[in-house]
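The values are calculated or read from the model by the stated rules, or taken from the named source; none is laboratory data. As the structure is a computational prediction, the values presented were derived from the model and not from experiment. Please note: Cβ atoms are built from the backbone with ideal geometry, for glycine as well, and neighbour counts cover all protein chains shown. Remember, those area values only see protein heavy atoms, side chains included, never the ligands or the DNA or RNA. Shrake-Rupley method; radii C 1.70, N 1.55, O 1.52, S 1.80 Å.
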Amino acid sequence: MEMAEMEESSGKMMEVEESQPVERKSLKPRDYKLDLESRLGKTVVISKATPSSQSGGFYCDVCDCVVKDSINYLDHINGKKHQRNLGMSMKIERSTAEEVRLRWEYNLKKREEVKKEYDVQERIKEVKEEEERIKEYRKEKRKEKKSKKRGDDQTENVDDEMAKMMGFSNFSSSKR
């Protein structure tokens with residue numbers, strides 16, 4: 001095909017696409033968790049050659065844009081432009097009374113399961129064990145510090161004895 005024919009065919013396709021109304025889905029909740037904390041507190045070197053997806057801030061694959069902070073990223077993800085690029089309209093389906101009743105029952109069952117799993121005695125036992133582990137850890141740290149100090153004292157005693165044998169008070173200088 002020649003360039004003129006390709007332009008004509010692409011132009012015809014554009015007209016066809018524009019004349020047909022686009023069927024958009026209604027909004028639905030996200031089924032995935034947004035990763036806002038993975039790069040928190042990390043340092044990244046950015047140069048001119050760094051692709052925009054790896055540069056500072058949050059990158060949106062759908063819209064091919066970079067947003068500088070998490071609040072604006074959430075606004076972008078929930079915004080009209082992003083939702084349209086995903087193929088969604090900004091309209092919400094109305095729930096029926098039956099759907100609401102089923103969801104209410106589901107949440108009640110979920111709450112009861114959580115209450116059954118929660119045992120006060122078991123929780124107290126876990127907390128006591130954790131406190132004991134912390135105490136043991138602290139004791140070990142104190143012992144290590146004491147042993148280090150004792151080790152330093154012993155080397156000082158050896159140094160003092162050697163200094164006396166050689167005829168002066170110590171090996172260190174008078175300035176401190």
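Looking only at residues in the stretch 67-93 that are under 12 Å from Leu34 (Cβ atoms) and either part of a loop (DSSP other than H, G, I, E, B) or of a type outside the set (A, V, I, L, M, F, W, C) (or both), the one that is nearest to the chain's Cα centre (by Cα) is Ser70. Of the residues making up the stretch 36-65, those that are open to solvent by 50 Å² or more (accessible area, probe 1.4 Å) and without any contact (Cβ under 8 Å) to a residue 24 or more places away in the chain number 20.
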